[in-house]
């Protein structure tokens, strides 16, 4: 089994929680969109947060995970997001960076959510071109993450794992495998998790995301608001025990809004439990 380490997403708003989970994690995942400030003209990452990341990087490995790139928007991805990433790239030695394989904007207007892409030859060419541009701009490994399907699937030329593999074969990018997203798609749409894992090139999976959400009106939502289900843990264990996997990081995702609902002590115990399972 590949040696794996546990990570946490940190938005620099709950230092007391970070102190409690610090012994159980090896990585901190930073989201540029979540730590930025808007001054009325542009978004930027404050110097004090940059300094704190530098201090934390002396003890923990740093990875960067975006939500605002919108790599699948027909009219281009977000330069505003890349400007934020530029400021981190110039000052922080992070291990790799990543983004979701989807889109959040149409004609510059925010959708308020993230939608999956049609898996067509045209989309494949567009995504590969953009991934190549990003990998040329930053001399860091770049990963793409599978997202939850909110709407019914588009007519496609490729199966989902096949589409991911094609992108990687063309560009050399890696993957984040979001295990809970797979479970959501299985619950909501009858998605074949086993078939997906069998087809996906696991040698390209560098990071796994685990989380828990909620069920609303019969729909399982990727809400990042709870402790991890046993089914998610078992599926993750199965994946990291498969031959050929290269997973380095298992990141437990939890929204800041969920922290007061669960309580810091419960969250710290969850990280301790996950550390015992995966570290």
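Observations on the structure shown:
- Considering the conditions (1) crowded, with 21+ Cβ neighbours inside 10 Å; (2) under 26 Å from residue 78 (Cα atoms); (3) out of contact with any helix residue (DSSP H, G or I) (no Cβ under 6 Å at 6 or more places or on another chain), residue 185 is excluded by exactly one of them, (2).
- Flag for residue 203 being surrounded by fewer than 20 Cβ atoms within 10 Å (Cβ to Cβ) and under 21 Å from residue 9 (Cα atoms): no
- When the stretch 135-159 is filtered for residues that are assigned to a helix (DSSP H, G or I) and free of Cβ contacts under 8 Å to residues at least 12 places away in the same chain, only 136 remains.
- Taken over the stretch 160-176, the criterion of being surrounded by 17 or more Cβ atoms within 10 Å (Cβ to Cβ) and part of a loop (DSSP other than H, G, I, E, B) is satisfied by 173 alone.
- Applying the criterion of at least 2 residues that are closer than 20 Å to residue 165 by Cα, touching a strand residue (DSSP E or B) at 6+ places or on another chain (Cβ under 6 Å) and modelled with pLDDT of 95 or more to the strands (runs of 3 or more DSSP E) found wholly in the stretch 195-279 leaves 205-210.
- Any hit, the stretch 125-132, residues being in a loop (DSSP other than H, G, I, E, B) and without any contact (Cβ under 8 Å) to a residue 40 or more places away in the chain: no
- Meets criteria (in contact (Cβ under 8 Å) with a residue 24 or more places away in the chain and closer than 17 Å to residue 145 by Cβ) for residue 117: yes
- Some residue of the stretch 85-93 being closer than 22 Å to residue 222 by Cα, touching a residue at least 12 places away in the same chain (Cβ under 8 Å) and buried (at least 19 other Cβ atoms within 10 Å of the Cβ): no
The values are calculated or read from the model by the stated rules, or taken from the named source; none is laboratory data. Predicted model, so just to flag it, every value in this text is computed and none were measured. Here the Cβ is made from the backbone with ideal geometry for all residues, glycine too, and neighbour counts use every protein chain on show.
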